[in-house]
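First the structure, in the form of C-alpha cells, and then the observations on it.
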C-alpha cells in the first residue's frame, strides 16, 4: 500500500477512535476560551451589567442546544433549542423581517439565499449532534 | 507481513470501541407514558383584608402592588359587610359549589352539567357581552378546582395557585379588535402590527407558561424553549426600573393562551407539561 494511503487510513482510524471515545463519554461540550468584553460607564449595557452589584454578565452558548445569560452565579434566562426549533426561529425571523420591509413600503426587500439557509441549518445540526462546544462572552463593567 | 496485522489490529480496536459505544447507548425510550388524568383548571386565590385600613392583599400581592396594578378599591358598604365576617370560602370542586362563612357551611349547590346550563342561560339573559359559548364554558368549568378564600387579617395573602390546562382563546379580528374567550376587551392591535403579522403569514400562536418555562408555537411550529429565573429577573427589574414586585405567584403558576389572527382555526391542545 502506498505511504500516502497508509497515512490517510491510519489518520482516519485515529480520528474515528478519538470520536468513539468522545461519543462514549456522552459527547460533552468542549469549553473554548472565554471572550472578555468590557463596557464603559455611559454605554447602554453598563446599567444592566451593574444592576445586581456583580458587575459582570456571562452569555454562554452551548452548541448542545443551550444559550444562557448569567449574572454572577445567578441564571437570568436560558434558551433551549434543537436544530428544528432553531430553523423555525430563523424562518419566522426572516418572514417578519421581509414583512416589516413590505409594511414600511421599502422596495429593497432582502432576498434570502436557500444555500445560506441550508448551510446555517447544517452547521447548527452538526455542532448539535456531532461535536459540541461551549463559547462564553464575559461582559465586565468598568468602574 | 508485519504491517498488515498492525493495521487490522487498529481496525479491530476501532470496531471494538465503536461497538462498546453503541452497546452503551441507552435504548430508545420506550417506557410507557404515564396515563395522564383529565386536565384540571386549578385556581386557588387567598384574599386577606383589613377593614381598619380598608386595604386588601390578594394572591400573594400586597395592597400596594395591587394598587399599582390598578386593582379596584371597595366601597364603604362592602367594607362594612367584610368587617362583620372573619372569613369566607367559596369552593367549586367536582360537581358542587360550597360556601363557608366563619368556618360554617352556608350553602351547597349542585354544579353538574344541567345546573351549569341553567347558569349559562341566566347569564345570557342578564349580561350584555354576548352569548356564552357553552362548549368553551364547559372546557373551563368541567373538572375545575376553584377555591377563593377571604380572611380578615393584616397578613400578606398566600401566593396565588394557578394551573390552567385549558388554553385561553384570544382572537384578533380582521380590524385588529381583541377578544378573549369571545368577550371583547376594548383593546386592538395597531394597523401596522396587523399588516406585519398578515404579511409574515402569522396565523396563530400558542403560548404556554409553566412556572417560568415558556413554550411558544407559531403556526404550529415550535420555537426554542425559554426559561426565566425569578432570581435572575430581578437583575432585569433593577436594570430597567420595571418595579415588577414580588413575582412568586406568577412563578408558581401554569397557564397558556392560543391566539388566532383573522379567520384561522382555533388553537387546540393544552399546556400540560
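To the nearest 0.05, how large is the calculated FRET efficiency for residue A:142 and residue B:243 if R₀ is 35 Å and r is the Cβ-Cβ distance?
Between residue A:142 and residue B:243 the formula returns 0.80.
For chain A, modelled as a GNM with alpha-carbon contacts under 10 angstrom, which of A:27, A:95, A:58 fluctuates the most?
Of the options given, A:95 has the highest mean-square fluctuation.
I need the calculated FRET efficiency for the pair residue B:108 and residue B:199, taking r as the beta carbon distance and R₀ as 56 Å, to the nearest 0.05.
Taking R0 as 56 Å, the efficiency between residue B:108 and residue B:199 is 0.55.
With an 8 Å cut-off on Cα pairs and a minimum separation of 6 or more residues, tell me the relative contact order of the range B:51-100 in percent.
Value for the range B:51-100: 26 percent.
Could you please tell me the mean projected area of the C-alpha convex hull for the protein assembly as shown, averaged over all directions and given in square nanometres to one decimal?
31.7 nm²
Tell me the relative contact order for the range B:167-273 as a rounded percent, counting alpha carbon contacts under 8 Å between residues six or more apart.
Values: 183 pairs, mean separation 36.0, N = 107.
RCO, the range B:167-273: 34 percent.
When the Debye formula is applied to the Cα atoms of the range B:36-165, each taken as the same point scatterer, what base-10 log of I(q)/I(0) results at q = 0.11 Å⁻¹?
For the range B:36-165, the Cα-only Debye profile gives -0.49.
In nm, to one decimal, how far is the residue A:109 label point from the residue B:80 one, both placed 7 Å along Cα→Cβ?
Going from the residue A:109 label point to the residue B:80 one covers 6.7 nm.
Can you give the FRET efficiency to the nearest 0.05 for residue A:117 and residue B:142, using r as the Cβ-Cβ distance and R₀ = 41 Å?
On the way: r = 45 Å, r/R0 = 1.11.
Rounded to the nearest 0.05, the efficiency is 0.35.
Rule-of-thumb check for chain A: C-alpha Rg over 2.2 N^0.38 Å? Before the final figure, lay out each step's value.
On the way: Rg = 21.1 Å, N = 143, 2.2 N^0.38 = 14.5 Å.
Against the empirical 2.2 N^0.38 Å value, I get 1.46 for chain A.
Please compute the contact order of chain A in relative form: average sequence separation of alpha-carbon pairs under 8 Å and at least six residues apart, divided by the residue count, as a percent.
It rounds to 40 percent for chain A.
Report Rg/Rh for the range B:184-273, rounded to two decimals, where Rg is the Cα radius of gyration and Rh the Kirkwood radius.
Here Rg/Rh amounts to 1.03.
In whole Å, what are the Cα extents of the range B:142-230 along the three principal axes, biggest one first?
53, 32, 29
Counting pairwise Cα distances across the range B:90-208, what percent come out greater than 22 angstrom?
So the portion of pairs separated by more than 22 Å is 55 percent.
If I model a spin label as a point 7 Å beyond the Cα along the Cα-Cβ vector, how far apart are those points for residue A:22 and residue B:67 in nm?
Placing both labels 7 Å beyond Cα along the Cβ direction yields 6.1 nm.
The numbers here are math on the coordinates, done by the rules we state, and not lab data. Only a predicted model underlies this, so the values are computations on that prediction, with no experimental measurement involved. FYI the Cβ positions are ideal-geometry reconstructions off the backbone, even for glycines, and counts take in every protein chain you see.
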